[in-house]
């Protein structure tokens, strides 16, 4: 599209959670460190909560990729479907469930599939639990740790959460046989307040709140993604464009990607080599989820200028 015009190898603001574009700002690095420490501690449940578009899925994939490539603790011996799903390593065996809106039996079948177990499709919940328990014990005897990541966990039925809790009850004298990481929107906290899951709530040993980007981080975020995409210059976005982009997105990375992409398309259509505030303004106006509070500031500024001009005109006409 506009890659050649700006000297890029690929589009820098794709919505696909590509770990090569992971930006280690303070918030995201702290979240990743929390996950890695929790995983190596081996205790119970871990919870990561963040608003829509704040990068939970990308953080999850970065976390799994880091576990699989950390040579001090893991040795990759194969992957499933060419991704992080079902990745076996010397110390960690990970499972990734991207859509946990599953009733208990379906969730157990999904876990069995991630662990590459041959399960009778007609097996009932009791048989599935028994087979998964046996598998977890075998992994423990081999010195391996099992970690399950569930994305969009706020959508998981409470009955399925309870089944997960029962699986995490299994332990040796030293540690749990399985850890669970819950990635979810703030609604997850509301669901966990319910009395029926209070036992699970008490077993959350680590948690982290994933927030958006600060103003100075927005500038570095844009530069980082452009550099990964092959841009050789200093930056494509001038200071006014960065300020406005942060204002209309409130630092939400996904929204920043959408608007930055549109702004680059507008600059490309004009034959411009730099993205200016007006490009971001037009892109934001075309994006329903952008925060329109910046328009109030513009209206006040226009009103102030108009009143000042009117006052000058009245003065000279006196």
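The values are calculated or read from the model by the stated rules, or taken from the named source; none is laboratory data. Since the model is a prediction, treat every value here as computed from it, not as a measurement. Using ideal geometry, Cβ is built from the backbone for each residue, glycine included, and neighbour counts are taken over all protein chains shown.
Which residue is surrounded by the most Cβ atoms within 10 Å (Cβ to Cβ), if the candidates are limited to the range 141-154 and must be in contact with a strand residue (DSSP E or B) (Cβ under 8 Å, 6 or more places away or on another chain) and in a helix (DSSP H, G or I)?
Checked the range 141-154; the qualifying residue surrounded by the most Cβ atoms within 10 Å (Cβ to Cβ) is 153.
Taking the condition over 21 Å from the mean Cα position of the chain (by Cα) and at pLDDT 90 or above, does residue 153 pass?
It is false that residue 153 is over 21 Å from the mean Cα position of the chain (by Cα) and at pLDDT 90 or above.
Considering only the range 109-127, I want to know if a residue exists there that is assigned by TED's automatic domain parsing to the domain that holds residue 50, in contact with a strand residue (DSSP E or B) (Cβ under 9 Å, 6 or more places away or on another chain) and not in a helix (DSSP H, G or I).
yes
Mind listing just one residue for me: the one in the range 185-235 that is free of Cβ contacts under 8 Å to residues at least 12 places away in the same chain and assigned to a loop (DSSP other than H, G, I, E, B) and, of those, nearest to residue 40 (Cα to Cα)?
193
With the condition kept exactly as written, say whether any residue in the range 46-55 is more than 16 Å from the chain's Cα centre (by Cα), in the same structural domain as residue 203 (by TED's automatic domain parsing) and within 20 Å of residue 98 (Cα to Cα).
Among the residues of the range 46-55, not one is more than 16 Å from the chain's Cα centre (by Cα), in the same structural domain as residue 203 (by TED's automatic domain parsing) and within 20 Å of residue 98 (Cα to Cα), which makes the answer no.
All but one of (1) farther than 30 Å from residue 223 by Cβ; (2) surrounded by fewer than 16 Cβ atoms within 10 Å (Cβ to Cβ); (3) modelled with pLDDT of 90 or more hold for residue 72, so report the exception by its number.
(3)
Scan the range 24-45 for residues that are within 14 Å of the chain's Cα centre (by Cα) and assigned to a helix (DSSP H, G or I) and report the count.
So the count comes out to 7.
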